[in-house]
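First comes the structure, then the notes that go with it.
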Amino acid sequence: MKLLAILSALPFLAAAEDLVWCGNARYYPSKYTCFDGFLCPKTNGEVYLKCGTACYSTRTYYCDSNQQLQIYKPGPEPILYCGGQPYYPSKYACYDTNFLCPILNGSPTLRCDKACYNPNEYSCVNGKLSKPT
């Protein structure tokens, strides 16, 4: 009987988060991030970023200036450029080829209009930051 009560509450819990649009697709902001109509997942609390037509983990890869994924290799970290600004891909993520947001505790912050935000604390809908519901 307890299992039935838990299962019947699941649709109500799922309805607490609104679906939003990303291009032609609808998604839950707690599960995905929208990058100009392209969805990348949030897996086990890790936010994946867009690089060209792929999504990647900043813990394993970085996106070079040609929008190609590169795997981290032992040795000196490459210096990349974002709108002419040099940066280390382990410390910052470059958005739209000219906007840097920091990577904090191994997790990238995301761009929302002219600000960077932690996707575990906020969401961005139509260029406006808000607390998740």
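The values are calculated or read from the model by the stated rules, or taken from the named source; none is laboratory data. Computed from a prediction, not measured in an experiment: that's the story for all the values here. Because the Cβ atoms are built from the backbone with ideal geometry, glycine has one as well, and the counts that use them run over all protein chains shown.
Quick one: count up the residues across the stretch 75-133 that are in a loop (DSSP other than H, G, I, E, B) and touching a Leu at 6+ places or on another chain (Cβ under 6 Å). Give the derivation first.
At the first step, the residues of the stretch 75-133 found to be in a loop (DSSP other than H, G, I, E, B) are 75-79, 83-84, 88-91, 96-98, 105-106, 109, 113-114, 118-122, 126-127, 131-133.
In the following step, the residues that additionally are touching a Leu at 6+ places or on another chain (Cβ under 6 Å) were identified as 89, 119, 122.
Number satisfying all stated conditions: 3.
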Check your understanding: What pairs can you find where one residue is in the stretch 70-91 and touching a residue at least 24 places away in the same chain (Cβ under 8 Å) and under 20 Å from Ser107 (Cα atoms), the other is β-branched (Val, Ile, Thr) and in a strand (DSSP E or B), and their Cβ atoms are less than 9 Å apart, with a gap of 6+ or different chains?
Key -> Pro89/Ile103; Ser90/Ile103
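State all residues of the stretch 30-44 that are closer than 19 Å to Cys112 by Cβ and either part of a loop (DSSP other than H, G, I, E, B) or not basic (Lys, Arg) (or both); if no residue qualifies, say none. So that I can check it myself, show each step before the final result.
Looking only at the stretch 30-44, we keep the residues that are closer than 19 Å to Cys112 by Cβ, and these are 30-42.
Matches in the stretch 30-44: Ser30, Lys31, Tyr32, Thr33, Cys34, Phe35, Asp36, Gly37, Phe38, Leu39, Cys40, Pro41.
Residues checked against (1) on the phi > 0 side of the Ramachandran plot; (2) among the aliphatic types (A, V, I, L, M):
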position: Leu19; (1), (2): no, yes
position: Gly45; (1), (2): yes, no
position: Ser57; (1), (2): no, no
position: Cys63; (1), (2): no, no
position: Asn66; (1), (2): no, no
position: Lys73; (1), (2): no, no
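So which of Tyr72, Tyr27, Tyr32 ends up being surrounded by 14 or more Cβ atoms within 10 Å (Cβ to Cβ), of a type in the set (Phe, Trp, Tyr) and modelled with pLDDT under 90? Before the answer, list the steps.
On the way: Tyr27 fails: modelled with pLDDT under 90; Tyr32 fails: modelled with pLDDT under 90.
The match here is Tyr72.
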